[in-house]
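Encoded as structure tokens, the structure appears first; notes follow it.
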Amino acid sequence: MTEQRPGQQTARTLPTRKRIALIAHDGKKDELLDWARRWRETLTRHQLVGTGTTARRVSSDLGLDVEGLMSGPLGGDQQIGARITEQRLDLLIFFWDPFAPQPHDPDVKALLRLAALWNIPVACNAASADFLISSPYLSEEVSIGIPDAGDWLAARTT
Ligand SMILES: O=C(CO)COP(=O)(O)O
């Protein structure tokens, strides 16, 4: 089977003030809140967005300014995915629950696919989130490679 893939990469610059998505499934919300509490000071220097319930908890428990989108089961994961596709998100912290099936599992998979496709740094657990948030890249402009959408369209003949 031949798979069609974008042939070219192009560059995208992540800004110094990162746009960071915070998302956690219910079984992982306390873990995410503990993590965000530890990194609260660092997180204040960036722009935060999250799915509805996660954003509300981070905002009310930690006093952080978080833009709340729709709750995950109501389409929030897809909204975050759209931001990734539009190059309006720079980092994804998503504590998904490996023990709990979700009614919106296809949305979760779609979000993780878009993050992989668009080369967004992703952390799915506290240890990897520690590595991401303590990276020197967090407070620098960083150039990343992304698929060249124009090249992809030009190559499509059907
Ligand atoms: O379900 C989620 C991610 O898949 C998270 O949604 P909430 O933040 O609304 O709980």
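Using amide H atoms built 1.01 Å from N in the peptide plane, name the residues 5+ places from Leu14, or on other chains, whose amide H lies under 5 Å from its own.
Distant-sequence amide H within range of Leu14: Val142, Ser143, Ile144.
Among bridges DSSP assigns within the stretch 13-158, what percent are antiparallel (round to 5)?
Counting only bridges with both partners in the stretch 13-158, antiparallel ones make up about 10 percent.
How do Ser59, Ser143 stack up against each other in accessible area, from largest to smallest, with a 1.4 angstrom probe?
Of Ser59, Ser143, the descending order of accessible area is Ser143, Ser59.
Please identify every one of the chymotrypsin sites (Phe, Trp or Tyr not before Pro) in the stretch 67-158 that sits in a loop by DSSP and has no more than 12 other beta carbons within 10 Å of its own beta carbon.
Listed in order of number, the matching sites are Phe99.
Can you list the trypsin sites (Lys or Arg not before Pro) in the stretch 1-60 that are in a DSSP coil and have 13 or fewer other beta carbons within 10 angstrom?
In loop regions of the stretch 1-60 (DSSP not H, G, I, E or B), the sparsely surrounded trypsin sites (Lys or Arg not before Pro) are Arg17, Arg45.
Once you have a ≥ b ≥ c as the square roots of the Cα gyration tensor eigenvalues for the stretch 2-158, tell me rounded if a/c is under 1.5, and otherwise prolate or oblate according to whether a/b is larger than b/c.
Oblate, because a/c is 1.5 or more while a/b does not exceed b/c.
Can you give the calculated 222 nm mean residue ellipticity of the chain, where each DSSP H run of n ≥ 4 adds -39,500 (n - 2.57) and the sum is split over every residue, rounded to the nearest 500 deg cm²/dmol?
It comes out at -11500 deg cm²/dmol, rounded to the nearest 500.
Within 15 Å, Cβ to Cβ, of Asp90, how many net charges do the neighbouring residues add up to if Lys/Arg are +1 and Asp/Glu are -1?
Charge balance near Asp90 sits at +3.
Of all trypsin sites (Lys or Arg not before Pro) in the stretch 67-142, which ones are in loop regions per DSSP and have a Cβ with at most 12 other Cβ atoms within 10 Å?
Arg88
Using the Karplus curve 6.51 cos²θ - 1.76 cosθ + 1.60 with θ = phi - 60°, work out ³J(HN,Hα) for each residue of the stretch 61-78 in order, rounded to whole Hz, and write x for Gly and Pro.
6, 10, x, 8, 7, 10, 6, x, 9, 5, 4, x, x, 9, x, x, 4, 5
The values are calculated or read from the model by the stated rules, or taken from the named source; none is laboratory data. Treat the numbers as computed from the prediction; the structure is a model and nothing was measured. Backbone-built Cβ (ideal geometry, glycine too); neighbour counts: all protein chains shown. What goes into the accessible areas is simple: the full protein's heavy atoms, side chains included, and nothing from ligands, DNA or RNA. Shrake-Rupley method; radii C 1.70, N 1.55, O 1.52, S 1.80 Å.
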